[in-house]
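Attaching a single structure in structure tokens format; questions to follow.
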Amino acid sequence: MPINIPLLKEQTPQTVLKMINLEASQLSLPDSRELMLGALGAYGVLQVIAQAFNHSLIGSLIYGVLSAGFLYGATYGLLRVLKEDAKFQRTATALAIMGGLAALAYTILHLIFAIALPPPMPTEKLLRFLLFPILIWMAFMYAFLFRHVSLRPVPAFVVAALFVLVVEVILSPICK
């Protein structure tokens, strides 16, 4: 018997599920400023929660705001250079949703392993090892999304990898 979840019958959640499976692009999302701002806000909050395990409260708040700001600003700048301004809201929304899902996955992994492995165990090293596939998934997902704003595959992957590197590798240690 199928489970009927009313929220999943709407266009946006269905599109997000299709984007996760690489079956739809961000161009299938509604072109809504409110959705973009909500997605960026959720992205920032999920990043704050994910970083709260390793950072101070102020550091994780700064990280959440800066990572959401970078995502917004870098996406705007890239699409401005590509002369694809019309795709900005949908692309920023999709990037924020996918980045938020990655932060949520990291938070869930952290909670599972923090409970399963008590403090004397190397929980943090294991989580960094498990974070790597999430970062790779983010890079490929971002590349998939950038591919739909008229970037060729290699430049799309390079830009996506730079996004992930700046947010996860450069910005994270700065905001401790």
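Here, each number is a calculation from the coordinates, and none is a lab measurement. Not measured: the values here are computed from a predicted model. Every residue, glycine among them, receives a Cβ derived from its backbone with ideal geometry; neighbour counts consider all protein chains shown.
Can you work out the FRET efficiency for the pair residue 34 and residue 129, with r the C-beta to C-beta distance and R0 = 41 Å, to the nearest 0.05?
The pair residue 34/residue 129 has a calculated efficiency of 0.60.
Summing +1 for each Lys or Arg and -1 for each Asp or Glu, what net charge is found among the other residues whose Cβ lies under 15 Å from the Cβ of residue 41?
Taking every Cβ under 15 Å from that of residue 41, the sum is 0.
Here's a follow-up. Relative contact order (percent) for the range 31-174, with alpha-carbon contacts under 8 angstrom and 6 or more residues of separation?
For the range 31-174, the relative contact order is 26 percent.
Same structure again: I need the calculated FRET efficiency for the pair residue 140 and residue 109, taking r as the beta carbon distance and R₀ as 25 Å, to the nearest 0.05.
That pair, residue 140 with residue 109, gives E of 0.85.
On to the next question. Quick one: longest stretch of the chain between exposed loop GluC sites (Glu not before Pro), exposed meaning at most 12 other C-beta atoms within 10 Å and loop per DSSP?
No qualifying site falls inside 24-176, the longest such stretch.
Next question, about the same structure. Take peptides 42-51, 103-112 and line them up by average Cβ neighbours within 10 Å, highest first, as a rough protection proxy.
Order by mean packing, descending: 42-51, 103-112.
Per-residue ellipticity at 222 nm for the chain, helices alone: DSSP H runs ≥ 4 residues times -39500 (n - 2.57), over residue total, nearest 500 deg cm²/dmol?
Value at 222 nm, helices only: -23500 deg cm²/dmol.
Contour minus end-to-end for residue 70 and residue 162, with contour as 0.36 nm per residue of separation and end-to-end as the Cα-Cα distance?
Working it through step by step, the gained length comes to 32.0 nm.
Taking 0.36 nm per intervening residue step and subtracting the Cα-Cα distance, what contour gain separates residue 45 from residue 170 on full extension?
So the extension gain works out to 43.1 nm.
Further question on the same structure: Based on Cβ point charges of +1 for Lys and Arg and -1 for Asp and Glu, what charge dipole magnitude is obtained for the range 31-174 about its Cα centre, in debye rounded to the nearest 20?
Charge dipole, the range 31-174, about its Cα centre: 280 debye, nearest 20.
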